[in-house]
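Read the structure below first, then the notes.
The values are calculated or read from the model by the stated rules, or taken from the named source; none is laboratory data. Since the structure is predicted, the reported quantities are computational estimates derived from the model, not experimental observations. Counting neighbours? That spans all protein chains shown, and the Cβs are built from the backbone with ideal geometry, glycine included.
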Amino acid sequence: MGEFIESEVRSARGRADAVVKTKNHIYVFEFKLDGTVEEALRQIDDKGYLIPYTADERQLIKVGVNFDKEQRNIGEWKEG
């Protein structure tokens, strides 16, 4: 795909599950299992996962993803 992807990216207050860097955007992902996308998005904010990228000119996008254990698939996702 030509994109740079990191997993378990450490910050001062925790670890973002995944960070994807494209030419114009930086996506910070938080994954939950049988949780909610709101919890995932709140964790990105609470733990400051976007802070290391604020000086970057690319648009920052946070993405919360919830996996459904019963369906063994993505239950829902949301950009914040």
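Residue by residue through region 44-68, note down the ones that are surrounded by 12 or more Cβ atoms within 10 Å (Cβ to Cβ) and of a type in the set (Gly, Ala, Ser).
Gly48, Gly64
Yes/no per residue for (1) buried (at least 16 other Cβ atoms within 10 Å of the Cβ); (2) at pLDDT 95 or above:
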site: Ile26; (1), (2): yes, yes
site: Gly35; (1), (2): yes, no
site: Glu70; (1), (2): no, no
site: Gly75; (1), (2): yes, no
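Test of understanding: among Ile51, Ile44, Ile61, which residue is of a type in the set (Val, Ile, Thr) and at pLDDT below 95? Let's see the steps before the verdict.
Values: Ile44 fails: at pLDDT below 95; Ile61 fails: at pLDDT below 95.
Unique residue meeting the criteria: Ile51.
Count, please, the residues in region 47-64 that happen to be touching a residue at least 12 places away in the same chain (Cβ under 8 Å), of a type in the set (Gly, Ala, Ser) and part of a loop (DSSP other than H, G, I, E, B). So that I can check it myself, show each step before the final result.
To start, the set of residues in region 47-64 that are touching a residue at least 12 places away in the same chain (Cβ under 8 Å) comprises 47-53, 56, 58-64.
Filter again for of a type in the set (Gly, Ala, Ser), leaving 48, 64.
Subset that is part of a loop (DSSP other than H, G, I, E, B): 48.
The qualifying residues number 1.
With Ile44, Ile26 as the choices, which residue is under 13 Å from the mean Cα position of the chain (by Cα), not in a strand (DSSP E or B) and not charged (D, E, K, R)?
Working: Ile26 fails: not in a strand (DSSP E or B).
After ruling out the rest, the residue left standing is Ile44.
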